[in-house]
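A quick write-up on the structure given underneath.
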Amino acid sequence: MEAGTVALLLVAGALAVVVGFLYARLRRAEAAPAPPAPRAETGKRTQRVEDVLERISEGVVFLDDQLQPVLANSSARSLLGLDGQGFALRATSDEVMAVAKEAHTNFEDVERTVETWFPTRRHLDVRGTPMPDRSGTILIIDDITEALRTQRIRTEFVAHASHELKSPVASLQALAEAVRQAVQDDPDAADRFSKQLVKEAVRLGRLIGDLLDLSRLEEPAKVSKERVDMSVVGQREGELALESAAAKDIELNMSISPHVLVSGDEQQLSLMLRNLLDNAIRYTPEEGHVALDIRPEGDEAVVRVIDTGMGIPMAAQERVFERFYRVDKARSRDRGGTGLGLAIVKHAVELHGGTIGLESELERGSTFTVRLPIAPAEPLQSAAG
């Protein structure tokens with residue numbers, strides 16, 4: 001049994017006792033008014049129970065023996081769109097009520113994932129637990145919409161990664177066999193195959209490297225919050241990109257203001273900028289131009305990478321940051337692209353609380369603009385007395 005299920009069972013058991021106590025008190029209070037002192041004590045206990053319910057992150061609904069909701073915490077009211085006072089304006093959804101009805105009818109715990117559309121579309125994990133004396137039913141509701149979305153993204157990522165890895169691996173196997181057969185009889189062909197073999201090995205290495213970079217970026221807890229000078233990072237990454245730019249006779253210009261400070265992880269910010277520059281150089285034809293501009297604008301550090309490349313169609317601009325998305329798959333692979341560079345950029349930017357924008361026009365080039373919060377000023381230190 002998974003840890004989450006065990007925790008849910010414990011919460012449900014505790015709530016059954018708590019809400020049962022509360023409901024029994026309320027029933028007794030309705031049947032026969034208590035003396036002043038006990039009533040005051042009951043009021044305190046009732047308030048404590050309600051306070052406990054409000055502090056629980058899962059939604060909790062208590063239904064009476066007629067399956068009418070009589071008590072719900074704020075999480076449940078938010079998830080189900082219940083009226084905050086007496087639930088009179090709207091009943092709970094049919095899907096949720098079906099779980100409660102089954103638990104009440106069969107007198108057993110029932111757990112099910114349901115999809116609701118009000119007040120917004122959500123996937124909910126709903127667990128119904130009947131009261132021991134059949135006086136009502138408790139519903140424990142957990143919003144798993146984001147968890148399911150994350151699971152779907154990871155499943156798709158694994159499928160895409162497996163597909164992308166199969167191609168270079170198959171090429172390496174075929175080329176290795178071709179080299180083995182040609183090395184004796186056709187040295188020229190063997191040399192040609194071996195060069196292609198190296199190219200595919202480099203492509204595979206780059207893909208694995210990007211996959212590792214992306215996996216590291218998916219651990220936000222490991223993002224440090226150091227003061228990073230983007231001016232220094234930009235100068236360093238720009239100089240490293242000069243060689244690949246020169247190989248294509250591309251002019252790389254840098255305009256970098258000094259001391260543009262942000263809070264974050266220098267390694268990840270370097271990776272972000274490296275991928276932007278690599279992308280610009282890769283998709284800019286020979287004798288083109290690439291520019292790197294870093295400057296403060298208000299309370300933001302703004303990084304722009306501008307190229308005179310092939311540009312990106314308007315229909316594709318919203319998708320270029322998706323993993324493995326390529327505007328032109330054949331041309332991307334010819335240039336050694338993995339389809340992960342801009343996904344890495346977007347992930348790094350968002351982890352640092354920033355935004356990234358794109359302006360592009362076919363055959364005119366593209367401009368990627370990253371905006372990061374400027375690091376707060378360091379507190380002044382008093383001189384030692």
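The values are calculated or read from the model by the stated rules, or taken from the named source; none is laboratory data. From a predicted model like this one, the values you see are computed outputs, not experimental measurements. Reconstructed Cβ throughout: ideal geometry from the backbone, glycine too, with neighbour counts over all protein chains shown. In case anyone asks, the SASA skips ligands and DNA or RNA and just uses the protein heavy atoms, side chains included. Shrake-Rupley method; radii C 1.70, N 1.55, O 1.52, S 1.80 Å.
Straightening the chain between ALA147 and VAL198 buys 14.3 nm, computed as 0.36 nm per residue apart minus the Cα-Cα spacing. Amide H contacts for ILE250 (H built 1.01 Å from N in the peptide plane; partners 5 or more residues away or on another chain; cut-off under 5 Å): GLU287. For region 117-125, 3J(HN,Hα) computed residue by residue from phi via the Karplus equation (6.51, -1.76, 1.60; θ = phi - 60°) reads 10, 10, x, 9, 6, 9, 10, 10, 8 Hz, glycine and proline entered as x. Taking region 280-305 and a reference point 7 angstrom along Cα→Cβ of GLU251, the backbone N atoms nearer than 17 Å belong to 281, 284-293.
Amide H contacts for ILE374 (H built 1.01 Å from N in the peptide plane; partners 5 or more residues away or on another chain; cut-off under 5 Å): GLU300, ALA301. Taking all protein chains together and rolling a 1.4 Å probe, SER74 ends up with roughly 50 Å² accessible. Taking amide hydrogens as placed 1.01 Å from N in the peptide plane, the amide H of PHE324 sits under 5 Å from those of LEU340, each at least 5 positions away in sequence or on another chain.
Counting only protein chain heavy atoms and rolling a 1.4 Å probe, the accessible areas of LEU351, LEU63 rank, largest first, as LEU351, LEU63.
On full extension, the segment bounded by GLU239 and ARG134 gains 30.4 nm, given 0.36 nm per residue less the C-alpha separation. Given the pairs LYS225/LYS346; LYS248/LYS346; LYS166/LYS346; LYS199/LYS225; LYS195/LYS248, which span a C-alpha to C-alpha distance of over 28 angstrom in this model? From LYS225/LYS346; LYS248/LYS346; LYS166/LYS346; LYS199/LYS225; LYS195/LYS248, over 28 Å: LYS199/LYS225.
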